[in-house]
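Engineer: Dropping the structure in here first, questions after.
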Amino acid sequence: MISSPLLRLSLHEWASLQTELIWVYDGAVDPEYRHLRTADEHAGYWARYVRAGQVRLSSPAGVVEAGPGQWLTGAREKGAIDVSDDARILSIHFLCQWPTGNDFFGKFGVRMISDAVCPALRKQAEQLQRSVVRSHPTAKVGYSHEQAVYPGFLRQQALFVNWLATWCEALAEQGCQPAYGGSHDERLTRVVRRLNESPLAAGFPKELLRAEAKLSQGQLDLKFAQAFGLSPWRYWERRRLEHAKRRLAQAEIPVKQVAFELGFKSDAHFVAWFRRLTGDAPGRFRAKPMGER
């Protein structure tokens with residue numbers, strides 16, 4: 001397989017990408033997770049290293065099976081995941097997305113990476129998993145809303161980013177190419193960073209965006225849409241929706257708290273907004289099996 005050259009962009013533009021660890025797990029697979037059906041939506045990437053047993057993945061592209069010493073990785077797509085009863089897996093779910101919310105490599109099916117070819121991928125994942133367990137011993141699934149001091153977060157993020165770099169290199173060796181080349185307009189890069197960094201509860205930062213871009217609202221909307229395929233407002237709404245879904249996936253968090261975090265003045269307004277964008281009320285979304293959310 002022919003490897004792909006890695007894309008070169010400015011450091012400032014790379015900083016506008018969203019990279020986030022959602023979970024990392026190492027061990028036996030609980031019975032309720034051995035046979036899952038997955039939905040097709042923007043939910044980042046997963047990578048699973050098989051320590052023991054067998055893993056079978058079915059997707060529109062076909063069926064892939066892996067055994068001990070092999071990684072399977074890809075974007076979340078409609079399909080099925082089946083693992084044997086004796087399976088032990090090192091699993092990572094994470095975001096690596098362009099400012100548009102599109103996954104870095106897009107959807108490339110399922111790729112297999114051999115531990116014999118890239119042992120660093122497993123070693124770095126093990127180091128990351130041990131760090132997460134030490135820092136958040138009671139967390140089960142999802143780490144994005146665990147509490148930490150900033151230096152602790154940076155140390156854990158450094159481990160994640162180190163693993164992510166190895167993952168990107170391994171996929172580039174298999175011919176995967178970035179799905180989007182970014183924007184070469186520094187004004188738009190500043191706008192994206194402001195959209196990513198502004199508190200969701202504070203509301204859409206319309207005036208701040210215009211100040212960053214030094215453009216009229218109409219000019220900003222046009223240039224942003226030309227570069228990223230959506231308006232700044234739609235980008236903001238996508239960010240809010242992803243936050244809402246991630247929080248609702250944690251059953252112990254009240255709907256009222258999620259609404260407050262997003263700046264809604266009442267539960268009813270949040271419920272109506274969520275139903276309009278997803279077709280489901282928050283309670284119905286929360287009741288769905290994890291693979292169908």
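The values are calculated or read from the model by the stated rules, or taken from the named source; none is laboratory data. Computed from a prediction, not measured in an experiment: that's the story for all the values here. Because the Cβ atoms are built from the backbone with ideal geometry, glycine has one as well, and the counts that use them run over all protein chains shown.
Engineer: Taking the residues in region 175-208 that are closer than 13 Å to TRP236 by Cβ and β-branched (Val, Ile, Thr) as candidates, determine which candidate is modelled with the lowest pLDDT.
Structural biologist: In this case the residue turns out to be VAL192.
Engineer: Of all the residues that make up region 199-226, how many are in contact with a Leu (Cβ under 8 Å, 6 or more places away or on another chain) and within 24 Å of GLU242 (Cβ to Cβ)?
Structural biologist: Residues in region 199-226 being in contact with a Leu (Cβ under 8 Å, 6 or more places away or on another chain) and within 24 Å of GLU242 (Cβ to Cβ): 8 in total.
Engineer: Sticking with this structure for a sec: Of the residues in region 93-132, how many are under 20 Å from the mean Cα position of the chain (by Cα), among the β-branched types (Val, Ile, Thr) and either in a loop (DSSP other than H, G, I, E, B) or within 13 Å of LEU159 (Cα to Cα) (or both)?
Structural biologist: 2
Engineer: Filter region 225-262 down to residues that are small (Gly, Ala, Ser) and over 18 Å from THR278 (Cβ atoms), then give me how many there are.
Structural biologist: 4
Engineer: Scan (1) assigned to a loop (DSSP other than H, G, I, E, B); (2) touching a residue at least 40 places away in the same chain (Cβ under 8 Å); (3) not small (Gly, Ala, Ser) for the single condition ARG8 breaks and write down its number.
Structural biologist: In the conditions (1) assigned to a loop (DSSP other than H, G, I, E, B); (2) touching a residue at least 40 places away in the same chain (Cβ under 8 Å); (3) not small (Gly, Ala, Ser), ARG8 misses (2) alone.
Engineer: Looking at region 234-266, which of the residues that are of a type in the set (Asp, Glu) and surrounded by 16 or more Cβ atoms within 10 Å (Cβ to Cβ) is farthest from PRO205 (Cα to Cα)?
Structural biologist: By that ranking, first place goes to GLU242.
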